[in-house]
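The values are calculated or read from the model by the stated rules, or taken from the named source; none is laboratory data. The structure presented is a predicted model; accordingly, all values stated were derived computationally and were not measured. Here the Cβ positions follow ideal geometry from the backbone for every residue, glycine too, while neighbour counts run over all protein chains shown. Just the protein is used for accessible areas: all its heavy atoms, side chains included, with ligands, DNA and RNA removed. Shrake-Rupley method; radii C 1.70, N 1.55, O 1.52, S 1.80 Å.
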Amino acid sequence: MKRWIVLALACLAMSPAWSATPVRIGSKAFTESVILGEVARLATRQAGVDAEHKRELGGTSILWSALQHGDIDAYPEYTGTITHELLKNLAPDADIPTLRAALKPLGIGITDSLGFNDTYAMGMREDRAAQLGVSRISDLPAHPDLRLGLSNEFMDRSDGWPGLRQRYGLPQTQVRGLDHALSYRALTSNAVDAIDLYSTDAEIPYYHLRTLEDDKHYFPHYEAVFLYRLPLEQSAPAFVKALQALSGRIDEDAMRQMNAMVKLHGEKETVVAAGFLGVQPDSDGAGFWSRLLQRTVEHLRLVLVSLIAAVVLAVPLGVFAARARRLGQVVMAMTGVLQTIPSLAMFVFMIPLFGIGTWPAIAALFLYSLLPIVRNTYTGLVGIPPDLRESAAALGLPRGVRLRQVELPMALRSILAGVKTAAVINVGTATLGALIGAGGYGQPIVTGIRLDDIGLILEGAIPAALMALAVQGLFEGVERWLTPRGMRLEARQ
């Protein structure tokens with residue numbers, strides 16, 4: 001009987017319903033990329049292949065790393081980005097067959113152009129440009145006091161601000177890095193004078209912007225394509241065929257119209273993508289409370305797992321630092337250095353080790369939690385009066401017993417304060433996990449920033465703030481519960 005059960009389970013495990021896993025399509029954290037990700041997902045569904053869309057995974061480097069490491073199977077990209085950021089040894093005007101040949105040894109495939117060129121451009125408000133007589137990028141050097149608001153990725157790209165400044169001899173020094181979605185608000189509120197654009201942005205006509213002529217032909221063509229993992233040509237040929245079938249189907253007007261429907265008219269990307277393909281959109285089915293519950297569970301998982309792991313390591317490290325003072329300073333310094341690494345950079349550093357999703361976010365949060373717990377454990381232990389230590393030693397208590405029954409209980413309030421600090425910091429920092437696919441309260445915040453939707457931003461920000469307050473209150477209650485009554489009375493006096 002057992003033999004038949006094992007055989008039946010093996011057959012079930014080998015059946016398509018059990019063994020098939022959905023292909024994973026990624027997208028960057030801007031509207032056009034999310035729409036193209038949804039177009040690919042729905043087109044794949046039409047082809048009978050199960051697919052999931054991992055939305056808004058940050059910038060180029062994150063998506064490219066995720067594709068190379070197999071954390072996603074495909075994502076929309078642009079030829080200019082490939083030649084300038086990913087395969088820098090190629091000519092800037094390399095065509096798609098050349099790109100295909102260069103990507104093949106890396107195990108990456110590329111579709112033909114989807115049908116539109118979404119190049120970079122520089123833009124100004126029409127009234128401001130007319131006032132200054134600016135119509136070309138080469139007119140900008142005559143106005144060195146202009147304030148530029150450039151997207152963060154554009155600031156550092158080889159095909160972005162550094163090369164543009166050199167090509168045109170731009171003297172502007174008031175240059176700010178902004179999220180691309182927020183740069184339009186900065187421009188219309190007169191906080192900046194010029195920004196970088198994507199040529200298919202719906203905001204260009206909506207805000208009456210003037211696209212400055214690239215008269216020195218600095219920006220290359222950015223033909224939209226899909227990159228995918230080459231092994232899928234054998235393991236999921238229907239998926240690759242569905243991607244290839246999108247080639248030539250989306251012109252600039254169609255893409256600009258889809259962007260406008262999402263950014264300006266509040267339509268959902270899934271609905272817009274389904275309308276373009278002429279198919280029925282997926283049933284949303286996720287109301288506010290179900291979304292909130294899902295994000296809360298995701299956020300709690302990030303915070304709790306990272307915090308528990310940090311406590312397990314940091315408390316012994318704090319004890320070691322308190323007992324071996326010289327080596328302890330090294331431990332304190334190392335944990336302090338971790339705290340100085342920018343949060344988003346720490347998340348990105350974890351991707352090569354853990355891929356994208358929950359685990360790299362947990363790893364980053366774990367590292368950020370170490371310093372406050374190590375420091376407070378150390379402070380609590382070294383702050384114990386020497387006469388109390390001597391009394392415990394005079395009673396003949398072994399060193400380990402003194403640590404467990406005397407020193408740690410006396411340092412408990414300080415240790416708990418460190419854990420509380422780490423927990424509250426983690427609640428806020430975990431919102432960045434959405435940029436690498438970890439979900440949580442950061443997901444509606446990222447989407448809200450992209451869509452300039454205050455309601456969505458608050459949908460993530462308010463629960464995160466309430467969770468931080470709840471965590472702080474919880475630890476204060478635990479501190480009272482674990483602190484011996486005598487020490488509580490002493491603290492009151």
For the chain the mean separation of alpha carbon contacts under 8 Å (6+ apart) over residue count, i.e. relative contact order in percent, is 17 percent
Here region 127-172 gives, from Cα atoms, an Rg and Dmax in Å of 11.2, 31
Taking Lys and Arg as +1 and Asp and Glu as -1, residues besides D159 with C-beta under 15 Å from its C-beta add up to -4
Between D282 and A91, the two model label points (7 Å from Cα along the beta-carbon direction) sit apart by a distance in nm of 4.2 nm
Sorted by accessible surface (1.4 Å probe, heavy atoms of the protein chains only), largest first, R167, R100, R402 come out as R167, R100, R402
Per DSSP, the loop-located trypsin sites (Lys or Arg not before Pro) within region 314-346 having at most 12 other beta carbons within 10 Å are none
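Around I62, under 11 Å between beta carbons, what's the net of Lys plus Arg minus Asp minus Glu among the other residues?
Net charge around I62: -1.
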Expressed in square angstrom to the nearest 10, the accessible area of F320 with a 1.4 Å probe stands at 90 Å²
1/(1 + (r/R0)^6) with r = Cβ-Cβ of H143 and L304, R0 = 41 Å, i.e. FRET efficiency to nearest 0.05, evaluates to 0.15
Filtering the chain for DSSP H helices with an axial alpha carbon extent of at least 24 Å and a Kyte-Doolittle mean of at least 0.0 returns 288-323, 358-382, 408-429, 454-482
For D95, D73, the accessible-area ranking with a 1.4 Å probe, largest leading, is D95, D73
Per the helix-only model, the chain has a calculated mean residue ellipticity at 222 nm (DSSP H runs of ≥4, -39500 (n - 2.57) each, divided over all residues, rounded to the nearest 500) of -18000 deg cm²/dmol
The alpha-carbon center of region 248-302 and that of region 350-370 are separated, in whole Å, by 28 Å
Heavy-atom accessible area with a 1.4 angstrom probe orders W289, W359, most exposed first, as W289, W359
Square roots of five times the C-alpha gyration tensor eigenvalues of region 203-312, ordered largest first and given in whole Å, equal 35, 24, 21
As a percent rounded to 5, the proportion of antiparallel DSSP bridges among beta bridges in the chain is 60 percent
Using a 1.4 Å probe on heavy atoms of the protein chains only, the accessible area for E153 in Å², nearest 10, reads 70 Å²
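So, counting K/R as plus one and D/E as minus one, what does the shell of residues with Cβ under 10 Å around A194 add up to?
+2
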Computed over region 178-263, the relative contact order (Cα-Cα under 8 Å, seq sep at least six) in percent reads 37 percent
Matching label for the computed percent of Cα pairs over 28 Å apart, out of [x] 62; [y] 58; [z] 51, is [x]
Heavy-atom accessible area of the chain with neighbours in place, 1.4 angstrom probe: carbon+sulfur share in percent works out to 60 percent
With +1 at each Lys and Arg Cβ and -1 at each Asp and Glu Cβ, the charge dipole magnitude of the chain around its Cα centre, to the nearest 20 debye, comes out at 2780 debye
Placing each pseudo-label 7 Å from Cα in the direction of the beta carbon, D387 and R136 end up separated by a distance in nanometres of 8.6 nm
